[in-house]
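Everything below concerns the one structure shown next.
The values are calculated or read from the model by the stated rules, or taken from the named source; none is laboratory data. This one's a predicted model, so the numbers in the text were calculated from it and none came from an experiment. Cβ placement follows ideal geometry from the backbone for every residue including glycine, while neighbour counts extend to all protein chains displayed.
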Amino acid sequence: MTDRFDSYVAGLEAPASDVFDIIPDDGADLALATRALNVAVSGTVRVTTVSGTTATVYLAAGIAFPVRAKRIHATGTAATGIVGLA
């Protein structure tokens with residue numbers, strides 16, 4: 001497959017080029033910071049952003065929620081099927 005944008009350096013306004021499953025963990029950062037989150041089942045997600053702010057947000061299933069997250073906490077997270085977009 002040819003990728004016309006293979007050498008393109010994407011900014012934050014560009015679509016995600018990677019998708020990965022997230023298992024919430026109170027003690028470990030993600031291997032890769034997100035540009036958005038998506039969940040299969042709606043609910044709360046306790047997130048720490050790349051700037052260090054921690055908050056609980058509500059995510060609706062199937063909707064990309066734009067956030068630069070470095071940690072998804074188990075405590076305070078009720079949503080399931082969490083996917084990071086990077």
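So the values come out like this:
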item: Leading residue by the ranking (modelled with the highest pLDDT) among those in region 6-19 that are within 11 Å of L85 (Cα to Cα) and in a loop (DSSP other than H, G, I, E, B); result: D18
item: Residue check, A28 under 11 Å from I72 (Cβ atoms), small (G, A, S) and out of contact with any helix residue (DSSP H, G or I) (no Cβ under 6 Å at 6 or more places or on another chain); result: yes
item: Qualifying positions in region 18-39 - buried (at least 19 other Cβ atoms within 10 Å of the Cβ) and of a type in the set (V, I, T); result: I22, T34, V39
item: Single condition D3 does not satisfy, out of (1) at pLDDT 95 or above; (2) part of a loop (DSSP other than H, G, I, E, B); result: (1)
item: All positions within region 52-86 that are in a loop (DSSP other than H, G, I, E, B), free of Cβ contacts under 8 Å to residues at least 24 places away in the same chain and either more than 20 Å from L12 (Cα to Cα) or of a type in the set (S, T, N, Q) (or both); result: T53, A60, A61
item: Yes/no for T44 being among the polar types (S, T, N, Q) and either in contact with a Lys or Arg (Cβ under 7 Å, 6 or more places away or on another chain) or free of Cβ contacts under 8 Å to residues at least 12 places away in the same chain (or both); result: no
